[in-house]
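A short worksheet on the structure shown next.
The values are calculated or read from the model by the stated rules, or taken from the named source; none is laboratory data. Bear in mind that the values here come from a model prediction, so they are computed numbers and not experimental data. The accessibility values were calculated without ligands, DNA or RNA, using every heavy atom of the protein model including side chains. Shrake-Rupley method; radii C 1.70, N 1.55, O 1.52, S 1.80 Å.
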Amino acid sequence: MLRKIKLLLLSSMFVLLGSCSQNNEQEIGDYNYRLVFNNRAVEVIKVNYEFENTDDSSKTDLNLYVNVTNSSKDMEDGTNSKNSIIPGNINIERQLTDILESGHSLFGGVMPIQIEYRTTECKSVRILLYDENDELVSDFTNRARFKQIPRPIDWLDLESGILISSNGDVLGLIPEDCTITEFLSYHPMAFALAHFVIPNANKELFTLASYIKVEIELEDGVISASTRL
């Protein structure tokens with residue numbers, strides 16, 4: 001199972017590199033890429049969403065994009081500043097390098113591939129729907145599924161879905177369609193960026209609701225963020 005996850009992570013990287021090669025006329029074999037690891041404090045969440053139509057006109061797929069990062073001012077425009085990076089974990093970064101390229105010779109160039117990860121343990125994740133009176137409309141936690149985020153050609157990073165256990169073992173990517181309960185069973189570090197899908201949600205719920213709230217319990221407290229519908 002671990003080998004399959006490792007192969008999936010490696011395949012994802014090569015797809016990203018292949019896309020970038022077409023855009024910049026660079027080839028992987030030219031050794032123009034280098035891995036840049038970014039570890040940040042887990043202090044705030046930024047949430048975006050979009051709806052996707054289904055075959056049933058009364059239903060919709062809710063896509064949530066959750067960015068977990070530090071509380072620096074760069075969060076105001078949704079970016080991650082280099083100034084917000086904290087000291088990394090050499091053991092984790094070595095494992096990530098081993099998974100991506102065991103020979104340690106492929107990524108010796110100058111074009112950076114940004115890899116975001118976090119080293120704060122995640123205890124729970126909740127996805128909640130509230131009305132304008134702050135009354136709970138629906139709890140989507142058990143229905144949410146992890147998905148991999150498609151990348152624009154010129155966005156070279158792998159922050160989405162890296163699965164790291166709280167003891168520092170890199171397990172690969174969060175499995176596609178993994179539930180939050182399954183994710184927590186790995187005793188994971190917090191993710192840097194996650195794409196959740198709540199499939200076939202009743203559209204009527206969103207006429208009653210005012211905002212979506214995401215709560216993440218960490219080893220040292222709870223952080224949350226809301227986005228209005």
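The table that follows gives values for the structure above.
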{"item": "Whole-Hz ³J(HN,Hα) from phi, Karplus 6.51 cos²θ - 1.76 cosθ + 1.60, for region 191-206, glycine and proline x", "result": "7, 7, 8, 9, 10, 10, 10, 9, x, 6, 6, 5, 4, 4, 4, 7"}
{"item": "Amide H contacts of Phe191 (H built 1.01 Å from N, under 5 Å, at least 5 apart or other chain)", "result": "none"}
{"item": "Where region 171-229 is the region considered: accessible area per residue in Å², 1.4 Å probe", "result": "43 Å²"}
